[in-house]
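Enquirer: Quick one: the structure is below, and I'll ask about it shortly.
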Amino acid sequence: TAWSLIIFLGPLLGGIFLFFYLDNLRLSKWASVLGAITFSFSGFFVAWMEWGTITHVGLWLPLMLLSIDKLISKKKSFRWSFIYLLALSSSFFAGHLQIFFYLGLFSFIYFISRWWQYGKKINILVLYIILNTLFLILTTVQWLPTIQLILLSARDVDQILWKNSGWFIPWQHLIQFVVPDFFGNPATLNYWGVWNYGELVGYVGITPLIMAIFALFIRHDKKTFFFGSIFFISLVFSLPTFFAKLPYILNIPFLSTAQPTRLLLITDFSLAVLASFGLDYFIRSKKREMIYPLIFIFILLLGIWGFVIFGNEVVKIVSIENILVAKRNLVFPTLIFAVSGVLLFGLIRFSKINKDFIKMIYIILMAVMVFDLLRFGLKFTPFTNKDYLFPETKTISFLQKNLGNHRMMTTDSRILPPNFSAIYKLQSVDGYDPLYLRRYGEFIAASERGEPNISPPYGFNRIITPHNYDSKIIDMLGVKYILSLSDIESPKLKKV
C-alpha cells in the first residue's frame, strides 16, 4: 500500500508543481495543464515510475524553479525560502544521487540566469548561498554516511563498461521521441532495440512534441531560448557524442560511473515546458505558423513508414519479425498525429468563430493527448493485485514462523527474487543494491568459487544471489533454511 502511494504521488506531485510553475510564468491555463500532464507521463517518468526513487527526485524540480523565481522577485521571501529548502532537501532524500546532481546543476544554472536577468542583486545572491549552506547542514545526516558507503561499495568494479552498447542513447533510438515502441516493448515481450527500453525512451506525446517544436522554431524569447538550450545540451551529453564521452575518457569521479541516459529527465522536462510555451503562443498569436511543425513531424513519420515498408528490402539490417513489430507500433502514433493535425487545422481555420466551439476543440485536443500518454504509460507499467505479486504461501508462512533471527537462501533465483523477502520480514543472504558492500561481494565471490579468490569481477552485477549451500562461508552467515525446486542430497541438510 505504501509502495503504491509512493508511485501514485510521483506523477501527481510532479504535475501539480509544474502547473504552478508555468502558471507563475503567466502562461494560459490550457498551456499550464498541457505541460503538467506531459511531464507527469513523459517517457522518463513512465519508464522509472515503478522504482519510485527516481521520480521522487525529479518531481521537485519545478517547485525549485518556482521558488527561485519567487525569491528573486522578493515575494514572501521567508515562505519561499522554506519551500526552496523543502524541495531541495526532499529531492536529495528521495535517494538517487545522479538525478539529484542533474537537478542541482539545472537549478543552479537557472538561478544564475534569472539573477542576471533581474539586475544581479547582491542580497539575492547572499540569500541563495545561505539557503544552500543550510541545505548542506540539514542533509549532513544522509550525505556523510552515503559518501562512506560509496567508498566501501563495489561501485567502481561492478560497473557496466561505458563503451558498451546502450550506455549512451543510440542515434537510431531518437525515433522513440516520435514512435515510442518502434523497437517493441518489454511489457509485450517483443523489444528488439538496444539494451534497456527504460533507459532510452524519451517520448512526451505527439501533441506536446508538435507544440515544443512550434515553440523552438517560431517563438523567440529568453525563456524559450533557455529551455531550448537546456534541451539540446541534455541531448548532446546523453547521445554518443565527443562531449558526452569526455567524463569517461578522463575518468572524472562520480560522473564516470553515471549512465548519461538519465539526462532524459532534463530532456523531457524541457520538452514539457517548451510544449507549454508553444501552446500558449499558439493561443495568443501566430496560429498559421503551426503548419511548419506539422510538416516536420509528417516528413519524419513518412520517412519512418518508408523504412518499414521499403527500406529494409534495400539494406536488410532488421529481421522481418522486428519490422512487423515496428510497423504495428507505428500505426497508433500516426493516427494520433492525424487527429491532432486535424484539430489544429480546425483551430487555425475557425479561430475567429464561436468561442464555445473553439473551447470544445481544445478540450478534444487535450483528451487526445491524455489518451496517448496514458496508453503509453499503462502499456509499459501495468498494475496488478498485490496478492499476485506478494502471495501468502505455505513456504512463506513456514519461514515466518520458524526462521527467527536466522537467514535463508535459495538454489534458484526464480524462487524468491532478491529483496522481496523484506516484504515478509525474512532475512536472506541475497540482495539487490547499486551500492552493495565490496567486502560482502568478495566474501560471496569466494563462497561461490569454492576457493580463496576474491579478485573482481565477481560474476554478478548489483544482484548478489549465493547458491553454493555446501560452502563453509554459508554456514558462517547463519543460514537455517534452503529453498529449492528439487530435493537436495547433502549430509548437513534435512528436508522440512
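Enquirer: Return the total of residues in the range 423-462 being within 29 Å of the chain's Cα centre (by Cα) and of a type in the set (A, V, I, L, M, F, W, C).
Expert: Adding up the residues that qualify gives 4.
Enquirer: Here is a further query. Hey, can you tell me all the residues within the range 48-66 that are farther than 19 Å from Y110 by Cβ and open to solvent by less than 10 Å² (accessible area, probe 1.4 Å)? Lay out the reasoning, then the answer.
Expert: So in the range 48-66, the residues farther than 19 Å from Y110 by Cβ come out as 48-56.
Answer for the range 48-66, where residues must be farther than 19 Å from Y110 by Cβ and open to solvent by less than 10 Å² (accessible area, probe 1.4 Å): G52, I54, T55.
Enquirer: Scanning for something closer than 25 Å to W51 by Cα, open to solvent by 80 Å² or more (accessible area, probe 1.4 Å) and at pLDDT below 95, does the range 391-410 turn up at least one residue?
Expert: yes
Enquirer: I'm trying to understand the selection: among the residues of the range 457-466, which are in contact (Cβ under 8 Å) with a residue 24 or more places away in the chain and open to solvent by 60 Å² or more (accessible area, probe 1.4 Å)?
Expert: Answer for the range 457-466, where residues must be in contact (Cβ under 8 Å) with a residue 24 or more places away in the chain and open to solvent by 60 Å² or more (accessible area, probe 1.4 Å): P457, N461, I463.
Enquirer: Tell me, yes or no, whether the range 55-63 has at least one residue that is of a type in the set (S, T, Y) and either over 15 Å from A272 (Cβ atoms) or touching a residue at least 60 places away in the same chain (Cβ under 8 Å) (or both).
Expert: Here is the first cut: in the range 55-63, the residues of a type in the set (S, T, Y) are 55.
Okay, now just the ones that are also either over 15 Å from A272 (Cβ atoms) or touching a residue at least 60 places away in the same chain (Cβ under 8 Å) (or both), so none.
So far as the range 55-63 goes, no, none of its residues is of a type in the set (S, T, Y) and either over 15 Å from A272 (Cβ atoms) or touching a residue at least 60 places away in the same chain (Cβ under 8 Å) (or both).
Enquirer: Okay, moving on. Being touching a residue at least 12 places away in the same chain (Cβ under 8 Å), over 13 Å from P208 (Cα atoms) and not small (G, A, S) is the requirement here; does I348 meet it?
Expert: For I348, the condition - touching a residue at least 12 places away in the same chain (Cβ under 8 Å), over 13 Å from P208 (Cα atoms) and not small (G, A, S) - is met.
Enquirer: Within the range 194-230, track down each residue that is open to solvent by less than 20 Å² (accessible area, probe 1.4 Å) and free of Cβ contacts under 8 Å to residues at least 60 places away in the same chain.
Expert: The answer is T224, F227, G228.
Enquirer: While we're looking at this one, here's another question. Quick one: how many residues across the range 362-384 are more than 29 Å from F183 (Cα to Cα) and either in contact with a Phe, Trp or Tyr (Cβ under 8 Å, 6 or more places away or on another chain) or assigned to a loop (DSSP other than H, G, I, E, B) (or both)?
Expert: 1
Enquirer: Please work out which residue is surrounded by the most Cβ atoms within 10 Å (Cβ to Cβ), limiting yourself to the range 262-295 and to residues that are within 16 Å of R349 (Cα to Cα) and of a type in the set (F, W, Y).
Expert: Looking at the filtered set, the residue picked out is F282.
Enquirer: Let me ask something else about it. If you go through the range 104-163, how many residues are under 24 Å from Y432 (Cα atoms) and open to solvent by less than 70 Å² (accessible area, probe 1.4 Å)?
Expert: 12
Enquirer: Scanning the range 482-496 for residues that are open to solvent by less than 100 Å² (accessible area, probe 1.4 Å) and of a type outside the set (S, T, N, Q), which turns out farthest from D412 (Cα to Cα)?
Expert: It comes out as K492.
Enquirer: Quick one: F243 ticks every box in (1) modelled with pLDDT of 95 or more; (2) open to solvent by 50 Å² or more (accessible area, probe 1.4 Å) except a single one, so which number is it?
Expert: Of the numbered conditions (1) modelled with pLDDT of 95 or more; (2) open to solvent by 50 Å² or more (accessible area, probe 1.4 Å), the odd one out for F243 is (1).
Enquirer: Out of the residues in the range 18-29 that are assigned to a helix (DSSP H, G or I) and closer than 22 Å to K222 by Cβ, state the one that is most open to solvent (accessible area, probe 1.4 Å).
Expert: F20
Enquirer: Here's something else I'd like to know. Assuming F101 fulfils every condition listed in (1) closer than 25 Å to P260 by Cα; (2) out of contact with any Phe, Trp or Tyr (no Cβ under 8 Å at 6 or more places or on another chain); (3) open to solvent by 60 Å² or more (accessible area, probe 1.4 Å) apart from one, which condition is it?
Expert: (2)
Enquirer: Out of (1) within 22 Å of I283 (Cβ to Cβ); (2) crowded, with 18+ Cβ neighbours inside 10 Å, what's the single condition that is false for I72?
Expert: (1)
Enquirer: Report, by residue number, each residue of the range 37-46 that is of a type in the set (A, V, I, L, M) and open to solvent by less than 10 Å² (accessible area, probe 1.4 Å).
Expert: Answer for the range 37-46, where residues must be of a type in the set (A, V, I, L, M) and open to solvent by less than 10 Å² (accessible area, probe 1.4 Å): just V46.
Enquirer: Just checking, does the range 362-372 include any residue being charged (D, E, K, R), surrounded by 15 or more Cβ atoms within 10 Å (Cβ to Cβ) and modelled with pLDDT of 95 or more?
Expert: Yes, the range 362-372 has at least one match.
Enquirer: Same structure, new question: Look at the range 414-454 and say how many of its residues are more than 24 Å from I54 (Cβ to Cβ), part of a loop (DSSP other than H, G, I, E, B) and open to solvent by less than 60 Å² (accessible area, probe 1.4 Å).
Expert: Looking only at that region, the number is 5.
Enquirer: Right, V33: in contact (Cβ under 8 Å) with a residue 24 or more places away in the chain, closer than 29 Å to M360 by Cα and open to solvent by 40 Å² or more (accessible area, probe 1.4 Å) or not?
Expert: So V33 fits the description; yes.
Enquirer: Just a yes or no: is a residue in the range 131-144 more than 24 Å from P253 (Cα to Cα) and of a type in the set (F, W, Y)?
Expert: Narrowing the range 131-144 to residues more than 24 Å from P253 (Cα to Cα): 131, 134, 138.
Filter again for of a type in the set (F, W, Y), leaving none.
No, there is no match, as no residue in the range 131-144 is more than 24 Å from P253 (Cα to Cα) and of a type in the set (F, W, Y).
Enquirer: Output the number of the condition that W80 fails; it satisfies all remaining conditions of (1) buried (at least 18 other Cβ atoms within 10 Å of the Cβ); (2) over 23 Å from Y118 (Cα atoms).
Expert: That leaves (2) as the condition not met.
Enquirer: Looking only at helices (runs of 4 or more DSSP H) that lie completely in the range 135-250, which have at least 2 residues being basic (K, R) and under 24 Å from the mean Cα position of the chain (by Cα)?
Expert: none
The values are calculated or read from the model by the stated rules, or taken from the named source; none is laboratory data. Worth saying up front: this structure is predicted, and the values here are computed from it rather than measured. A quick note on method: Cβ atoms are made from the backbone with ideal geometry, for glycine too, and the neighbour counts reach across all protein chains shown. The area values use the complete protein model at the heavy-atom level, side chains included, leaving out ligands, DNA and RNA. Shrake-Rupley method; radii C 1.70, N 1.55, O 1.52, S 1.80 Å.
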